[in-house]
Structures are given as C-alpha cells and as structure tokens.
Amino acid sequence: MNHSVPLSHVVNMAADMNAHAHASGHINNSGSRSSSGSFQRSSFMIDAMSGLAGGVSNVIVGMPFDVVKTRAQVTPNASFPAVLSHILQREGPRGLWRGVAGPIVAYPLDVCINMSVYAEMRRRMDGTDNKPFVVNACAGAVSGTMITAVTTPAELVKTTLQTRKLQNGNKDVGPFNTLRAIVNAEGPLGLYRGFAAMLLREVPGNA
C-alpha cells in the first residue's frame, strides 16, 4: 500500500500552486504579515484535511489487494486468484479487510503528514537559493521520516494479523491483542521492527 510516489507528484503540484497563490496574496495585500500568516495556516490545514480524506479512501479501497498480496507472499506457489478464492471461501468478504484497524488510523495520518509537512517544507524552501532537487529531497526526507515513525507499528500489526490466520487456523486475533502480544514479547521497541527498511522506502519515495 505504498502510495508515496504518485502522491509526491500531486504534492509537488499543490505546493507550486500554493506558493504562487501566496506570492499573489502577498502582493495584493501590500506585504501584510498577518494576511500572509493566515494564508499559510489555511494552506497547511487544507493540505492536512485533504491528506486525511485521501488516506481513509486509500485504506478502504486498497486493503483487499494488500491482504491478498501479503497472503500470496507467504504462501508457496500461490497465485493471486487462488489466494483470493481461498480467503472468500474460508473467511468471507470480511477477510479481505483483515488488519484494517491499524491502517485506518495510521495511513490517513501518513497522507496527512505527507501532504502537509512536504508542502510546508516546499513553501519554506522555495524562496531560498536551493535547487528544486535539493528542495524536494529535503522535504521528502523530513516527511518520510515522520511518516515512518507513525506507520511502522501499524504496518507491523497489520502484517501480523494478515499472516497469523494462516498459522492459527480459525482462531481470530484482534489488533489490540496482537499489539499487546508484540509489546509483551519484545517491549515497546518491538513495534518498530522493520523501521530501517520502511525508512529506506519512505524517504526516497516521498522526495
């Protein structure tokens, strides 16, 4: 469910439009600091709310594909149609949204952070002498690091839930029980297992 690459292009366009609008507003208001500050706060909130709405939609629509993909990766010689059929027969349609509790909270925050922090960094750095590549790279590094910190625990719980059904048969384990089991076995830092790999994915993906 990695949406970072296409989203970054959208954020680039949004940041450019916001920067242009900010410049126009600044001129029209004779350099008023109060109006400029209000516009920046308004733009940040619009980016954040758009990110929340986009994140929820992304989880709801993309979760079935993610469940089938994860099951196929841990099942030898399993095709996509075979895994899909097996889930529907054994678990019903609800099985396609197994592990959705974590992502439905974390991924809207993911997109919210991506759009708001990335765009805010672009707005702050566009007036500098840095080249566009440097601006994009710095904005992507900041937003990607924050995204990884928020979503790593949710990604771990989601993947554990999606694969545990194969190990435990019909025994159903909820997200909070899974979260508690990880913390009891490995401590709070256990929730960040795989952090480095996710950081390597998110930082360049958001640049």
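The values are calculated or read from the model by the stated rules, or taken from the named source; none is laboratory data. Source: prediction; values computed, not measured. Cβ sites come from the backbone with ideal geometry, for glycine too, and all protein chains shown count toward neighbours. To get the accessible areas, we keep the full protein, side chains included, count just its heavy atoms, and leave off ligands, DNA and RNA. Shrake-Rupley method; radii C 1.70, N 1.55, O 1.52, S 1.80 Å.
Solvent exposure of ASP66, expressed as accessible area, is near 10 Å², computed with a probe of 1.4 Å over the protein chains only.
Estimated at 0.36 nm per residue, the fully extended path between SER79 and ALA197 surpasses their Cα-Cα distance by 39.9 nm. Rounded to whole numbers, the Karplus 3J(HN,Hα) couplings from phi for the range 111-118 are 5, 4, 4, 4, 5, 6, 5, 4 Hz, using 6.51 cos²θ - 1.76 cosθ + 1.60 with θ = phi - 60°, and x at Gly and Pro. Peptides 137-145, 91-99, 71-79 ordered by packing proxy, namely the average of other Cβ atoms within 10 Å per residue, highest first: 137-145, 91-99, 71-79.
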